[in-house]
Amino acid sequence: MSRRFRLSVRHADPASVDPMPDEELSAPDDEVATGGQAEAPEAPEAAEVGPLDSLAPDSTDFSGDSPVSEKANPSEKITVADGVALMAAYRQAVLSWLAEDGYPMNVEVEIEVKTSAGTIRFSEPPGFRLAPGMQVAITGSYLRLLPDGGFEDRSHVTLWGLASARPRGRFSVSPTRVWASGEIDEPPAAAYVRRVPQARRYFDSLSAERGIPIGPTLSTGLALSRLLRTPVASAAFAPVLLGLAVAVRTGRIDFVSAAATVAALAAAYLGVSLAAGLLDLLHVRGGGRRPGDKPGGLDVAGTAVFRASALTGAALGWLLVAAALAVFVLGTRGSPELIVITALGLGLGLAEAVSPDLSGRGLGEVAAALSFGPLLLLGTYAVQSRGSLPPEAIVLSIPLGLIAGLTAFMRTAPNRPGDARAGRRTLATMVSESVAVRGFELVAALAFISVVAGVVAGVLPIPALVALLAAPLARRIRGDLSREYDRPSALAAVVGWGFRLQRNFGLLLMGGYALTIADQMVLARTPFLH
Amino acid sequence: MPALSYPVARLIDAALVGDLTVIDSTGRPIVYEMVPLLWGDRIFMTSSVLDSAKIAHIKANPRVSFSITNADAIGTFIGKVTVQCDARVSEDDLHSGWERLLDNWKRKDRTTIALRNERYAYPLVFERVLIELTPRRTWFWPDGRTDQPPQTTIAAEVAR
């Protein structure tokens with residue numbers, strides 16, 4: 001498999017790279033690009049330039065002379081030859097060595113990279129004395145300046161080796177170790193997850209040093225919010241509330257079962273979120289890393305804010321409450337339709353939240369579309385109607401499901417390099433950029449068109465058209481998706497807009513139904529075209 | 001003589017990033033890109049606990065050097081500099097101690113504001129250690145030509 005490493009080079013040799021700032025360098029094989037030390041695969045470093053930046057060797061594990069280093073993803077290795085190839089894009093680099101006074105010294109030098117020989121040559125910097133045979137580090141780095149200030153896309157490669165003297169004050173280094181990192185290949189969420197164990201080790205070490213427990217300061221509210229995946233909450237509750245809204249509008253509302261339905265959903269949501277957090281916690285404690293991490297859970301659990309036993313008890317408790325409420329609702333308002341919908345919904349919801357298997361087979365988007373569209377909305381309505389499902393509820397569930405499917409796709413899109421390496425075949429790993437962008441356009445357009453079509457057909461109330469106010473946001477996301485698709489870290493920010501689209505779309509539809517119900521109740525009108 | 005001459009201080013103040021070099025337990029130099037935040041004669045930087053390996057290096061050996069070499073990172077300024085420093089880490093208030101540097105940091109990197117808004121999403125990013133560098137010796141290339149000998153400055157307390 002051939003992989004390409006996007007590298008923009010500041011001191012690039014004009015003969016070897018394109019002068020465009022976003023030059024792409026072909027990596028010699030699939031193991032190139034960026035990486036940390038093989039001996040310290042989870043020793044990312046220094047949030048100095050930005051909170052989620054480079055990898056770096058870990059002091060505790062940094063030893064040995066292996067010519068192979070490891071990337072952020074443990075399955076991806078970078079060899080010294082790869083590092084030399086990356087260094088070849090630089091004309092100047094920082095030469096570092098340990099000076100006689102015990103301090104490190106840095107001087108920028110012009111370098112000459114002999115890729116075929118695997119060596120780097122440079123002249124002794126004027127004013128300094130290098131001892132032949134001394135160990136040196138050579139670092140090439142890049143950052144891309146942003147037009148409105150700041151920077152992004154930092155990357156660097158460091159090669160270590162012994163400096164051999166050559167004639168005329170020249171030195172040659174045949175590197176034996178490499179460390180490279182870059183922001184382009186790894187989205188912030190994945191980088192964050194990968195580094196949580198290092199943070200834990202740091203806190204453990206500091207606690208031992210001070211003799212008191214020291215950990216991260218997280219407000220309970222923030223921690224709970226992370227654990228309970230609040231961005232997903234609106235997606236879960238919008239179809240339920242819309243199902244109830246249709247029931248109210250059609251005069252089929254039963255307030256006791258409606259309250260029980262909402263309570264059951266809330267309990268199930270809490271239970272599933274806590275269970276997912278627990279699984280993430282156990283996963284991290286077991287030393288595993290999940291390249292295609294999911295929002296919520298992992299980082300909070302990883303900070304040991306919550307204990308596994310507490311999470312287990314709470315998850316089980318809420319799931320039992322949800323089960324009891326579900327039994328009550330099914331017992332009092334059950335129907336064959338509701339039983340089928342409930343079984344499908346619970347199965348898909350649990351599989352999507354707890355297991356990566358569905359999304360790993362390219363079915364995550366379909367599962368999300370079904371769960372957060374038809375199943376929740378129709379299930380809620382079926383409780384009220386004791387089984388009958390009118391066209392209004394069915395049509396209303398379609399755009400909700402489509403938008404939920406889009407959001408699910410966007411969640412996995414930034415992680416597609418890691419997912420692909422880990423063998424997870426998410427939909428994003430299966431389609432090209434153009435297909436992804438056009439697919440987004442098509443599905444988003446279908447969502448809005450289905451609302452309009454429903455209104456024109458007289459199935460949906462006219463005020464439902466307020467959902468079209470979310471169209472500009474979808475357009476903006478489409479633009480961002482197209483622009484940032486190859487930059488996972490930037491694309492990760494677009495995911496937040498996806499959640500916003502889902503939330504706003506649901507809220508607008510609810511607003512439309514509130515107007516419709518008010519119109520019916522206050523003015524005794526039925527705001528439908530037919 | 002001040003630890004940092006005016007042109008050097010101005011260069012560090014302007015630089016978006018620089019190269020912090022620490023020494024590991026085997027004597028190997030390791031270079032990290034850091035945002036330098038100048039405060040008087042001291043250079044400050046911060047490191048997330050997620051990226052704390054360098055902190056262990058510094059605590060084991062506080063002798064470091066810091067360089068400005070990236071011409072892209074200094075805007076219209078010219079010049080390159082390497083500052084030999086004694087480093088100290090402050091871990092007393094990981095949650096908010098670094099916020100004293102926020103205004104200076106924002107000036108260099110507006111995306112910090114956006115990142116800070118992401119505190120919700122990435123809480124450990126903002127548990128940060130402060131690193132304080134006290135300059136002791138400076139090598140300065142005013143025209144940025146490191147193929148020429150540098151100007152060397154030794155801090156008064158070191159020279160004594």
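The values are calculated or read from the model by the stated rules, or taken from the named source; none is laboratory data. Computed from a prediction, not measured in an experiment: that's the story for all the values here. Don't worry about glycine lacking a Cβ; one is built from the backbone with ideal geometry, like all the others, and counts go over all protein chains shown.
If I ask for residues that are at pLDDT below 85 and assigned to a helix (DSSP H, G or I), which ones from region A:191-219 would you list?
Once the filter is applied, which keeps residues that are at pLDDT below 85 and assigned to a helix (DSSP H, G or I), region A:191-219 yields A:A191, A:Y192, A:V193, A:R194, A:R195, A:V196, A:P197, A:Q198, A:A199, A:R200.
Tally the residues that are outside any strand (DSSP E or B), farther than 18 Å from B:D24 by Cα and within 13 Å of the chain's Cα centre (by Cα), restricting the search to region B:41-72.
Here the count works out to 2.
Could you identify the single residue in A:A382, A:A408, A:A444, A:A467 that is without any contact (Cβ under 8 Å) to a residue 60 or more places away in the chain and closer than 15 Å to A:N504 by Cα?
Result of the check over A:A382, A:A408, A:A444, A:A467: A:A444.
Name the residues in region B:40-70 that are over 18 Å from B:E91 (Cα atoms), hydrophobic (A, V, I, L, M, F, W, C) and more than 7 Å from every other protein chain (Cβ to nearest Cβ), would you?
B:F66, B:I68
Taking the residues in region A:249-269 that are among the polar types (S, T, N, Q) and farther than 20 Å from A:A315 by Cα as candidates, determine which candidate is surrounded by the fewest Cβ atoms within 10 Å (Cβ to Cβ). Step through it out loud before you land on a result.
Here is the first cut: in region A:249-269, the ones among the polar types (S, T, N, Q) are A:250, A:257, A:261.
Keeping just the survivors that are farther than 20 Å from A:A315 by Cα gives A:250, A:257.
Values: A:T250: 16, A:S257: 20.
Filtering region A:249-269 for residues that are among the polar types (S, T, N, Q) and farther than 20 Å from A:A315 by Cα, the one surrounded by the fewest Cβ atoms within 10 Å (Cβ to Cβ) comes out as A:T250.
Just wondering, is there one or more residues in region B:26-33 that are surrounded by fewer than 19 Cβ atoms within 10 Å (Cβ to Cβ) and under 27 Å from A:V178 (Cα atoms)?
Yes, some residue in region B:26-33 is surrounded by fewer than 19 Cβ atoms within 10 Å (Cβ to Cβ) and under 27 Å from A:V178 (Cα atoms).
Does A:A444 satisfy the criteria of being modelled with pLDDT of 90 or more, over 18 Å from the mean Cα position of the chain (by Cα) and surrounded by 15 or more Cβ atoms within 10 Å (Cβ to Cβ)?
Considered against the rule, which asks whether it is modelled with pLDDT of 90 or more, over 18 Å from the mean Cα position of the chain (by Cα) and surrounded by 15 or more Cβ atoms within 10 Å (Cβ to Cβ), A:A444 comes out as yes.
Can you tell me how many residues within region A:473-488 are surrounded by 17 or more Cβ atoms within 10 Å (Cβ to Cβ), within 18 Å of A:F448 (Cβ to Cβ) and of a type in the set (K, R)?
Matching residues across region A:473-488 total 1.
State whether the residues of region A:62-74 include one that is modelled with pLDDT of 95 or more, over 16 Å from A:S155 (Cβ atoms), facing chain B (nearest Cβ under 9 Å) and crowded, with 21+ Cβ neighbours inside 10 Å. It would help to see each step written out before you state the result.
So in region A:62-74, the residues modelled with pLDDT of 95 or more come out as none.
Scanning region A:62-74, I find no residue that is modelled with pLDDT of 95 or more, over 16 Å from A:S155 (Cβ atoms), facing chain B (nearest Cβ under 9 Å) and crowded, with 21+ Cβ neighbours inside 10 Å, so the answer is no.
Given the criterion under 24 Å from the mean Cα position of the chain (by Cα) and more than 19 Å from A:G401 (Cβ to Cβ), identify the matching residue among A:D519, A:D480.
Within the list A:D519, A:D480, the selection yields A:D480.
Here are some residues: A:V246, A:V178. Which one is crowded, with 24+ Cβ neighbours inside 10 Å and either at pLDDT below 85 or in the same structural domain as A:R129 (by TED's automatic domain parsing) (or both)?
A:V178
Out of all the residues in region A:145-175, which are out of contact with any Leu (no Cβ under 9 Å at 6 or more places or on another chain), surrounded by fewer than 24 Cβ atoms within 10 Å (Cβ to Cβ) and among the polar types (S, T, N, Q)?
If the condition is that a residue be out of contact with any Leu (no Cβ under 9 Å at 6 or more places or on another chain), surrounded by fewer than 24 Cβ atoms within 10 Å (Cβ to Cβ) and among the polar types (S, T, N, Q), then A:S164, A:S172 are the ones that fit.
Within region A:475-491, can one find any residue that is closer than 26 Å to A:T230 by Cα, of a type in the set (F, W, Y) and not assigned by TED's automatic domain parsing to the domain that holds A:F151?
The answer is yes; a qualifying residue exists.
Here is a yes/no grid of residues against (1) out of contact with any Cys (no Cβ under 9 Å at 6 or more places or on another chain); (2) free of Cβ contacts under 8 Å to residues at least 24 places away in the same chain:
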| position | (1), (2) |
| --- | --- |
| A:L86 | yes, no |
| A:A89 | yes, no |
| A:W97 | yes, no |
| A:E100 | yes, yes |
| A:Y103 | no, yes |
| A:F122 | yes, no |
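Would you confirm whether any residue within region B:18-25 is part of a strand (DSSP E or B), touching a strand residue (DSSP E or B) at 6+ places or on another chain (Cβ under 8 Å), more than 7 Å from every other protein chain (Cβ to nearest Cβ) and modelled with pLDDT under 95?
Among the residues of region B:18-25, at least one is part of a strand (DSSP E or B), touching a strand residue (DSSP E or B) at 6+ places or on another chain (Cβ under 8 Å), more than 7 Å from every other protein chain (Cβ to nearest Cβ) and modelled with pLDDT under 95, which makes the answer yes.
Might you let me know whether region A:156-163 holds any residue that is touching a Ser or Thr at 6+ places or on another chain (Cβ under 8 Å), part of a helix (DSSP H, G or I) and either over 18 Å from B:D51 (Cβ atoms) or in contact (Cβ under 8 Å) with a residue 24 or more places away in the chain (or both)?
Checked against the condition, which is being touching a Ser or Thr at 6+ places or on another chain (Cβ under 8 Å), part of a helix (DSSP H, G or I) and either over 18 Å from B:D51 (Cβ atoms) or in contact (Cβ under 8 Å) with a residue 24 or more places away in the chain (or both), region A:156-163 yields no hits at all.
Are there any pairs, at least 6 apart or on different chains, whose C-beta atoms fall under 7 Å, with the first in region B:1-28 and within 15 Å of A:V136 (Cα to Cα) and the second in a helix (DSSP H, G or I) and among the charged types (D, E, K, R), and if so, which?
Here the result reads B:V22/B:K54, each pair linking region B:1-28 to a residue that is in a helix (DSSP H, G or I) and among the charged types (D, E, K, R).
Check A:V451, A:V459, A:V494 and return the single one that is β-branched (V, I, T), more than 29 Å from A:R226 (Cα to Cα) and either under 16 Å from the mean Cα position of the chain (by Cα) or surrounded by 23 or more Cβ atoms within 10 Å (Cβ to Cβ) (or both).
A:V451
Restricting to region A:105-136, count the residues that are touching a Lys or Arg at 6+ places or on another chain (Cβ under 7 Å) and at the interface with another protein chain (Cβ under 9 Å from one of its Cβ atoms).
Final tally of qualifying residues: 4.
For A:S155, are the conditions met, namely being more than 9 Å from chain B (Cβ to nearest Cβ), of a type in the set (S, T, Y) and under 22 Å from A:I78 (Cβ atoms)?
Taking the combined requirement at face value, the residue satisfies it.
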